[in-house]
Amino acid sequence: MTAAVCPGSYDPFTLGHRYVVERTAARFDRVIVAVVVNPNKQGMFTVDERIALIERDCADLPNVEVRSWTGLVVDLLTAEGADTMVKGLRSETDFAYEIPMAQMNRELTGCETLFMLTDPRFAHVSSSLVKEVAKLGGDVRPYLSGPIHDALHDRIAGVRKA
């Protein structure tokens, strides 16, 4: 059985993320979407909220599991018997950022990193940009599933009221 891990912060999970997970699920028997916890960052959504949103968004992909992870992602691969990490790339900037980590991960555990290009429609989309545009009242529906868009809209509306 082949297994791959797709790590990220996913705050929020965009259609670009979904595209990479869907393509990964078509190529591996088992896919673990790892919501990586960075204790130095405060997300818009809690880790548990992100997991629930991704599980709902990927409910049609039976071989996809979602969980949180703290620490080295290669340790999750080892624990899950996976030997491949899949990272989505939007541009050469992403590649330049990801390649040293991929090389270090291979040296640490022998895991391979598969770089997957996102759909060109989402090459300019990042979670940070989506949040910023949404906070300023812009329409981010083209970049998020309906439930995730609604959750983001509700969260921003709640922040404005506070």
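The values are calculated or read from the model by the stated rules, or taken from the named source; none is laboratory data. The structure displayed is predicted, hence computed values, not measured ones. Here the Cβ is made from the backbone with ideal geometry for all residues, glycine too, and neighbour counts use every protein chain on show.
Overview of values
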| item | result |
| --- | --- |
| Checking residue 18 against (1) farther than 20 Å from residue 90 by Cβ; (2) touching a Cys at 6+ places or on another chain (Cβ under 8 Å), the condition it does not meet | (1) |
| All positions within the range 125-140 that are over 19 Å from residue 90 (Cα atoms) and surrounded by 13 or more Cβ atoms within 10 Å (Cβ to Cβ) | 134, 135 |
| Total residues in the range 67-88, condition of a type in the set (A, V, I, L, M, F, W, C), without any contact (Cβ under 8 Å) to a residue 60 or more places away in the chain and within 23 Å of residue 53 (Cβ to Cβ) | 0 |
| Test: residue in the range 103-123 that is hydroxyl-bearing (Ser, Thr, Tyr) and out of contact with any helix residue (DSSP H, G or I) (no Cβ under 7 Å at 6 or more places or on another chain) | no |
| Condition broken by residue 162, with the remaining ones in (1) farther than 14 Å from residue 57 by Cβ; (2) modelled with pLDDT of 95 or more; (3) of a type in the set (A, V, I, L, M, F, W, C) satisfied | (2) |
| Tally, over the range 97-118, of residues that are in a loop (DSSP other than H, G, I, E, B) and surrounded by fewer than 16 Cβ atoms within 10 Å (Cβ to Cβ) | 1 |
| Selected residue (only one of 94, 150 is surrounded by 16 or more Cβ atoms within 10 Å (Cβ to Cβ), among the charged types (D, E, K, R), free of Cβ contacts under 8 Å to residues at least 40 places away in the same chain and on the phi < 0 side of the Ramachandran plot) | 94 |
| Single condition residue 39 does not satisfy, out of (1) modelled with pLDDT under 95; (2) in contact with a His (Cβ under 8 Å, 6 or more places away or on another chain) | (2) |
| Single match in 55, 49 (criterion: within 15 Å of residue 146 (Cα to Cα) and surrounded by fewer than 22 Cβ atoms within 10 Å (Cβ to Cβ)) | 55 |
| Top-ranked residue of the range 9-30 - restricted to ones that are free of Cβ contacts under 8 Å to residues at least 40 places away in the same chain and closer than 19 Å to residue 145 by Cβ, ranked as surrounded by the fewest Cβ atoms within 10 Å (Cβ to Cβ) | 26 |
